[in-house]
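The values are calculated or read from the model by the stated rules, or taken from the named source; none is laboratory data. Keep in mind that this is a model prediction, so the values were computed, not measured. Positions of Cβ are backbone-derived with ideal geometry, glycine not excepted, and every protein chain shown enters the neighbour counts.
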Amino acid sequence: MSDKYEQLKSYLNSKYEYLAAMGKHNLPEREGYECEYQWRMILDIMEYIDKLDQLEEILPSTPLTLVSHAKS
């Protein structure tokens, strides 16, 4: 993978850890909600990246066949 991709993954992991740690503190309601929303968004992005990594491992060894179900 490229260095930029690895840097992105590292940043997301750091941000995830930071937001998870912030959730353990007694934050005011608004800040707590903001941290939770950001944490959930980062979690979704990290899960998406994990799926992309899994597909990258599978697809090079699997022939790709595109099938169109569109009717003429």
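Checked against (1) at pLDDT 90 or above; (2) among the small types (Gly, Ala, Ser); (3) surrounded by 11 or more Cβ atoms within 10 Å (Cβ to Cβ), Ser10 passes all but condition (3). For region 19-39, a residue qualifies if it is loosely packed, with under 13 Cβ neighbours inside 10 Å and either of a type in the set (A, V, I, L, M) or closer than 18 Å to Leu52 by Cβ (or both), and exactly one does: Ala21.
Determine whether Glu36 is part of a helix (DSSP H, G or I), of a type in the set (Asp, Glu) and modelled with pLDDT under 90. Show your work before the answer.
Details: part of a helix (DSSP H, G or I): yes; of a type in the set (Asp, Glu): yes; modelled with pLDDT under 90: no.
So Glu36 does not fit the description; no.
Selection of region 21-30 for residues being over 22 Å from the mean Cα position of the chain (by Cα) and either assigned to a helix (DSSP H, G or I) or of a type in the set (Phe, Trp, Tyr) (or both) yields Glu29, Arg30. Every test in (1) surrounded by 11 or more Cβ atoms within 10 Å (Cβ to Cβ); (2) more than 11 Å from the chain's Cα centre (by Cα); (3) assigned to a helix (DSSP H, G or I) is passed by Tyr16 save one, and that test is (2). Applying a threshold of 8 Å to beta carbon distances and a minimum spacing of six or more residues, or different chains, the list of pairs starting in region 25-46 at a residue that is closer than 30 Å to Glu6 by Cβ and among the β-branched types (Val, Ile, Thr) and ending at one that is modelled with pLDDT of 90 or more and surrounded by 11 or more Cβ atoms within 10 Å (Cβ to Cβ) reads Ile42/Leu12; Ile42/Lys15; Ile42/Tyr16; Ile42/Leu19; Ile45/Leu12.
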